[in-house]
Amino acid sequence: MQPNDAPIGVFDSGLGGLTVLQAIRSRLPSESTVYLGDSARIPYGPKSADTIQRYSRESAAFLAGQGVKVIVVACNTATSLALEDVRDESGLPVLGVIEPGAEAAASASAGGRIGVIGTIGTIASGAYDTAIRRLRADAVVLAKACPLFVPLVEEGWTEGEVARLTAEAYLRPLLEDGMDTLVLACTHYPLLADLLQEVVGPDVRLVSSAQATAGALRNLLGEEGLAAPPEATAEAHYFVTDEAARFSQLAKRLLGERVKNLARVSVDSTV
Ligand code: DGL
């Protein structure tokens, strides 16, 4: 197989990275993809850096073994804590979600008061603050961990009273601090976008790194000379590390279509 025909590898701690995969597939329709959801070990958000780094290396090794030409780390927590580990392990071009998300936020924000919401790991790493302030020195980053959002999305509670009250409690301090832009710095949060927009009001711009990442991937493939020929027939393969049936149900809700080519694998090097 020519390198250009090889698939793009995408991994996340579970199904949330499908928001990134979906953006990639609609922006780059000729590209084949291999998605790995580490569903046996989700959540990554509250775990320590060395654990996330081991998990990410194992995912990278699995995707490299599938013959992918580039790896997209679709998980914000893994991007924050393990991007270099994925590069070392795979020896492939690697793209995370933080740089593209930070770029989109820095250019979308009128007044430079940028809210960033994510998992405990992402927020504690300070990776978004660093990336945003590198692009825009005058920016004030208002960061907030929102650990209850991932389980709400996994349960399908993306609207209704519980989700609304949770969002209000998390976002009130950022609104009081004058936030004008809000970065959804977690794979799951785009599924709460409608509710979050209602809670923050129409004057706050919501930025999702999924779309920005797909754009950055297109540029990366161009720079590396790795883009698939436009006439290529794209295939999508999915792997999960826990039961496929539950992933399949949730994925259908998220992608709006049934996931084909789905298999369960183990990537854990310690067993
Ligand atoms: N994928 C994770 C992220 O984007 C959210 C889910 C988790 O905690 O594993 O940070």
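The values are calculated or read from the model by the stated rules, or taken from the named source; none is laboratory data. Fair warning: this is a prediction, and the values are worked out from it, not measured in the lab. Here the Cβ is made from the backbone with ideal geometry for all residues, glycine too, and neighbour counts use every protein chain on show.
Identify, please: which residue in the stretch 69-90 is under 16 Å from the mean Cα position of the chain (by Cα) and not in a helix (DSSP H, G or I) and is, among those, farthest from G101 (Cα to Cα)?
Result: V70.
Output yes when any residue across the stretch 147-164 is in a helix (DSSP H, G or I), among the hydrophobic types (A, V, I, L, M, F, W, C) and more than 20 Å from S209 (Cβ to Cβ), and no when none is.
yes
Those residues that are more than 30 Å from L174 (Cβ to Cβ) and buried (at least 21 other Cβ atoms within 10 Å of the Cβ), I need them from the stretch 198-235; list them, please.
Across the stretch 198-235, the qualifying residue is only A228.
For V20, indicate whether it is of a type in the set (V, I, T) and more than 14 Å from the ligand (Cβ to nearest atom).
no
Just to verify a result, which residue in the stretch 237-247, among those that are touching a Lys or Arg at 6+ places or on another chain (Cβ under 7 Å) and of a type in the set (A, V, I, L, M, F, W, C), is surrounded by the fewest Cβ atoms within 10 Å (Cβ to Cβ)?
A244
Of all residues in the stretch 1-20 being in a helix (DSSP H, G or I) and out of contact with any helix residue (DSSP H, G or I) (no Cβ under 8 Å at 6 or more places or on another chain), which is nearest to V259 (Cα to Cα)?
Here is the first cut: in the stretch 1-20, the ones in a helix (DSSP H, G or I) are 3-5, 18-20.
Filter again for out of contact with any helix residue (DSSP H, G or I) (no Cβ under 8 Å at 6 or more places or on another chain), leaving 3-5.
Values: P3: 25, N4: 24, D5: 22 Å.
Filtering the stretch 1-20 for residues that are in a helix (DSSP H, G or I) and out of contact with any helix residue (DSSP H, G or I) (no Cβ under 8 Å at 6 or more places or on another chain), the one nearest to V259 (Cα to Cα) comes out as D5.
On the given criteria, is I117 modelled with pLDDT of 95 or more, within 18 Å of P147 (Cα to Cα), within 16 Å of the ligand (Cβ to nearest atom) and not in a helix (DSSP H, G or I)?
yes
Determine whether Y35 is of a type in the set (S, T, Y), buried (at least 18 other Cβ atoms within 10 Å of the Cβ) and over 15 Å from L255 (Cα atoms).
Against the criterion (of a type in the set (S, T, Y), buried (at least 18 other Cβ atoms within 10 Å of the Cβ) and over 15 Å from L255 (Cα atoms)), Y35 does not qualify.
Go through the stretch 120-131 and count every residue that is within 11 Å of the ligand (Cβ to nearest atom) and surrounded by fewer than 24 Cβ atoms within 10 Å (Cβ to Cβ).
2
Against the conditions (1) more than 16 Å from the ligand (Cβ to nearest atom); (2) modelled with pLDDT under 95, where does R164 fall short? Just the number, please.
Looking at each condition in turn, R164 falls short on (2).
What residue, among those in the stretch 54-64 that are of a type outside the set (S, T, Y) and closer than 14 Å to D268 by Cβ, is surrounded by the most Cβ atoms within 10 Å (Cβ to Cβ)?
A60
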